[in-house]
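Read through the structure below, which is laid out as structure tokens, and then see the notes.
Nothing in this text is a laboratory measurement; each read-out follows from the coordinates by a stated rule. Everything numeric here is computed off the predicted structure, so don't read it as measured data. In this analysis, Cβ positions are derived from the backbone assuming ideal geometry, glycine residues included, and neighbour counts consider all displayed protein chains.
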Amino acid sequence: MTVRLQRARPGSPELQALVDELAERLGRSVAVDDPLVRMVCTSRHFGDEDPVRIGTLLQGRADNAAIRYVLDQGVTQWPRPGFIDGRHDLGLLPRYVVPLRERGHLLGLLVVVVPEKTLADEETRAIAGAAEAMAALMYGEWIAADTRKSDERDLALALVGADVAARTTARRRGEERGLLGAAEHVLVTVVQLSCGTELVHRSEAALWAALEGYRQTRSAQGLIAIGKERAVLLQLRDRPPHPDEVAAQTARILDELRTFLDPSADPVIGVGGRHTTLDDAWTSYEQALVAARAARRLPSLKGAGDWELLGELGVLLQLPEHALNASLLPKPLRTLTESHGGDRLRDTLRCFLDHAGSIPRTAETLGIHRTSLYYRLRQIQEITGLDLDDGAHRLTLHLGLRVGELLAPSTAGAV
């Protein structure tokens with residue numbers, strides 16, 4: 001089941017009045033959504049409500065499938081108003097959508113339910129006039145919100161930065177402004193995007209929307225820093241977070257981002273270590289960067305890396321990017337891979353080492369007889385020239401296999 005995060009900020013009374021006035025004039029349901037199709041304010045019904053509209057009123061936003069459908073129509077990039085087709089399977093009637101822009105900034109979407117997909121000229125003029133007034137009003141609110149977000153970003157980045165003096169100053173400022181509570185358990189989460197085809201404002205809006213629900217919760221007080229392709233969530237908690245709680249939070253953030261952004265954004269999340277003082281927030285941040293790197297390199301993590309679950313990979317991933325290549329693979333391991341039946345032998349070796357050299361558990365996992373396993377292990381020793389009873393030799397091969405997991409697909413095949 002999809003867990004709903006904090007809804008978009010409710011519109012001002014002035015914006016609500018403009019929406020109600022337009023709806024009464026048209027005799028149609030009208031709403032203003034934010035750029036991520038989350039409801040800001042809406043009018044009463046006029047007998048044209050559909051399941052998506054009703055669900056939005058109950059939940060505070062449409063479900064993910066409806067949001068994704070609307071965004072896939074490219075409405076946030078439309079230069080002028082237009083219709084989007086209805087979708088019976090989604091419970092969505094056709095809508096007339098007007099991008100609300102002011103000085104180049106997309107502030108939201110004016111949405112009018114139009115089941116017949118046609119508007120009279122006077123209706124179109126009324127909508128255009130209302131849209132102009134709404135955009136002007138929303139621009140002032142956007143300026144104020146952007147200033148607050150910028151101040152919060154600077155504070156969060158200083159708290160996770162390497163400069164001790166800057167961290168001390170930031171902590172004092174945060175406490176004076178009431179942004180930092182007394183809780184001392186610290187957790188830093190980093191979100192990274194590959195934004196090749198995404199508009200910057202869309203990416204920033206999506207990052208904020210996915211994280212804002214975690215700024216203030218029953219167990220955490222947080223700060224958010226949003227950049228073009230990266231976001232940082234710094235959380236102070238009154239108790240150490242349970243692993244299941246962290247995993248659920250991470251999954252929800254990814255779910256939101258995958259709803260709001262195209263697949264090309266390919267979001268990944270890195271969760272830092274859990275620390276017991278705000279002074280160690282910078283350490284959790286650095287660990288979160290490593291975990292995000294793991295999430296990018298290891299498909300098995302499905303976009304989410306956690307420092308406390310990385311083990312030795314956390315050490316290997318601190319190697320410089322240029323150094324993390326096939327040259328790190330031990331020669332005996334390369335020889336094994338290039339041999340006849342190398343893939344099978346490599347998988348056998350990995351299983352054997354992962355099970356700490358246990359013959360019974362390795363044979364059971366591989367589903368083979370112990371005699372067959374002994375035969376394969378003898379082959380591995382003959383090909384590599386290494387002794388699997390020697391701890392140093394085992395470590396060489398095991399680290400080599402781990403490095404191979406981290407290599408890009410183009411080089412990992414050579415492992």
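Taking amide H positions as modeled 1.01 Å from N, with prolines and chain starts lacking one, the residues under 5 Å from ARG101 and 5 or more places away or on another chain are LEU107. For region 323-412, the Kirkwood estimate of the hydrodynamic radius, built from every pair of different alpha carbons, is 13.3 Å.
Divided by 2.2 N^0.38 Å, where N counts the residues, the Cα radius of gyration of region 195-302 comes to 1.05. Using all pairs of distinct alpha-carbon atoms, the Kirkwood hydrodynamic radius of region 13-146 works out to 14.7 angstrom. From largest to smallest, the equivalent ellipsoid semi-axes obtained for region 75-202 from the alpha-carbon gyration tensor read 43, 18, 14 Å. Taking only the alpha carbons of the chain, we obtain Rg and Dmax values of 27.0, 86 Å in that order.
With a cut-off of 13 Å between beta carbons, the residues surrounding GLY140 carry a summed charge of -3, where Lys and Arg count +1 and Asp and Glu -1.
From helices alone, the chain scores -15500 deg cm²/dmol at 222 nm; the rule is -39500 (n - 2.57) for each run of n ≥ 4 DSSP H residues, then divide by the residue total. Convex hull volume of the C-alpha atoms in region 145-256, normalised per residue: 111 Å³. Positive end of the dipole of region 166-316 (Cβ unit charges, origin at the Cα centre): among GLY174, ALA251, VAL190, the Cα lying farthest that way belongs to GLY174. Cα-based values for region 236-356, radius of gyration first and Dmax second, are 17.8, 57 Å.
The convex hull defined by the C-alpha atoms of region 29-88 has an orientation-averaged projected area of 4.2 nm². Taking every alpha-carbon pair under 8 Å whose residues sit at least 6 apart, region 323-412 reaches a relative contact order of 43 percent.
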